[in-house]
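The values are calculated or read from the model by the stated rules, or taken from the named source; none is laboratory data. Only a predicted model underlies this, so the values are computations on that prediction, with no experimental measurement involved. Cβ atoms come from the backbone with ideal geometry, glycine included; neighbour counts cover every protein chain shown. Remember, those area values only see protein heavy atoms, side chains included, never the ligands or the DNA or RNA. Shrake-Rupley method; radii C 1.70, N 1.55, O 1.52, S 1.80 Å.
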Amino acid sequence: MPTGLRVGTDLIDIGKTLSSNTFTGWEINGDVDFANYYLTVDAGAWGKDILLKNGDYHNSGTYNRVGIDINFLGSDPDKNMFFLGFRFGHSVFNESVNYINTPQHFFSPDTTNASNPNASGHWGELTTGLRVKVWKGLWMGFTARMKFAPSVHGSPNFATYDMPGYGVVQQKPWWGFNYQIFWRFAWRKDKVLPIKK
């Protein structure tokens, strides 16, 4: 039986949102322990504004990930973790691109606007990382991600460039990194087995 729920957020997304004019995003993370196995769920959103050589690209959307982590620290009483895991990610988003065509032979340049308003996609992830108890219910840690096998649907007007939750679709694999802070809500303690003499 699980002993508690850990809920957290990614500090890197918060920092990028506050310091950048080209990215806005947030992410919520949660996990529940089943002995040395942890069921994990992530949900988030991001939007990007990217300048191109002859125009600009914009997207915004939400994503979620579901998976499992295996803790290799065994039955640590503080629930500290060094883990390997797997995630399945799914994203729903819209995107648009504006670019200027500059033809030769004295023709005037023209602007092209295209959008994919109902795009979606999915991918897989292999993960590793640490979770360390800092104080009472407070945990901190990181997750490194190798994202692979992206698939996008609902983009008939141009090939998707960036998928929220994944990144640049043409990059396979694509790497990700989260630095996270958690609070753990515990509802029971692990049973301590008696030592046989």
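Excluding Trp123 itself, what net charge comes from residues whose Cβ is under 15 Å from its Cβ, given Lys and Arg +1 and Asp and Glu -1? The partial results should precede the final answer.
Details: positive: Arg65, Arg87, Arg145, Lys147, Lys172; negative: Asp42, Glu125, Asp162.
For residues surrounding Trp123, the net value is +2.
Which cross-chain or sequence-distant (5 or more) residues have an amide H under 5 Å from the amide H of Leu84, H modelled 1.01 Å from N in plane?
Under 5 Å from the amide H of Leu84: Ile70, Phe72.
Obtain the nm distance between the two label points defined at His153 and Ser115 by a simple spin-label model: each point lies 7 Å from its Cα along the Cα-to-C-beta direction.
It works out to 2.2 nm between the two label points.
Express the carbon and sulfur contribution to the solvent-accessible surface of region 4-186 as a percent, rounded to the nearest whole number, probe 1.4 angstrom.
65
With a cut-off of 8 Å between alpha carbons and a minimum separation of six or more residues, what is the relative contact order of region 119-194 in percent?
Relative contact order here is 34 percent.
Tally Lys and Arg at +1 and Asp and Glu at -1 over the other residues with C-beta under 14 Å from the C-beta of Thr24: what net charge comes out?
Cβ neighbours under 14 Å give a net charge of -3.
Given the options Ile12, Phe86, Thr62, identify the residue whose Cα lies farthest towards the positive end of the charge dipole of the chain (+1 on Cβ of Lys, Arg; -1 on Cβ of Asp, Glu).
Selected residue: Phe86.
Enumerate lysine pairs in the chain that are 8 or more residues apart or on different chains, then count those whose Cα atoms are under 14 Å apart.
So the count of such lysine pairs works out to 7.
Per residue of region 171-186, in order, report the coupling 6.51 cos²θ - 1.76 cosθ + 1.60 (Karplus, θ = phi - 60°) as ³J(HN,Hα) in whole Hz, putting x for Gly and Pro.
8, 9, x, 10, 9, x, 8, 10, 10, 10, 10, 10, 10, 9, 9, 9
Hey, got the dipole for the chain? About the Cα centre, +1 on K and R Cβ, -1 on D and E Cβ, debye to the nearest 20?
1100
Whole-Hz Karplus ³J(HN,Hα) for region 120-128, in order, using 6.51 cos²θ - 1.76 cosθ + 1.60 and θ = phi - 60°, x for Gly and Pro?
After applying 6.51 cos²θ - 1.76 cosθ + 1.60, I find 8, x, 8, 6, x, 9, 9, 10, 8 Hz.
Return a whole-number percent for the relative contact order of region 4-186, with Cα pairs under 8 Å and 6 or more residues apart as the contact set.
21
Using just the helices of the chain, give the 222 nm mean residue ellipticity in deg cm²/dmol: DSSP H runs with n ≥ 4 each add -39,500 (n - 2.57), and the total is spread over all residues, rounded to 500.
Numbers: 1 runs with 9 residues, N = 197.
Mean residue ellipticity, 222 nm, calculated: -1500 deg cm²/dmol.
If Phe158, Phe93 are ordered by their accessible area, calculated over protein heavy atoms with a 1.4 Å probe, which sequence runs from highest to lowest?
Of Phe158, Phe93, the descending order of accessible area is Phe158, Phe93.
Using a 1.4 angstrom probe, figure out how much accessible area the chain has per residue, in square angstrom, rounded to the nearest whole.
Value returned for the chain: 59 Å² of accessible area per residue.
Apply the Karplus curve 6.51 cos²θ - 1.76 cosθ + 1.60, θ = phi - 60°, to the phi angles in region 2-7 and return the couplings in whole Hz, x for Gly and Pro.
Each residue's phi maps through the Karplus curve to give x, 10, x, 10, 10, 10 Hz.
Keeping all protein chains in place and using 1.4 angstrom, which order do Leu138, Leu73, Leu130 fall into by accessible surface area, from largest down?
Result of the area sort, largest leading: Leu73, Leu130, Leu138.
In square angstrom, rounded to the nearest 10, how much accessible surface does Ser96 have for a 1.4 Å probe?
For Ser96, the solvent-accessible surface is approximately 40 Å².
What do you reckon, how do Trp174, Trp26, Trp123, Trp183 stack up by accessible area (1.4 Å probe), largest on top?
Trp26, Trp183, Trp174, Trp123
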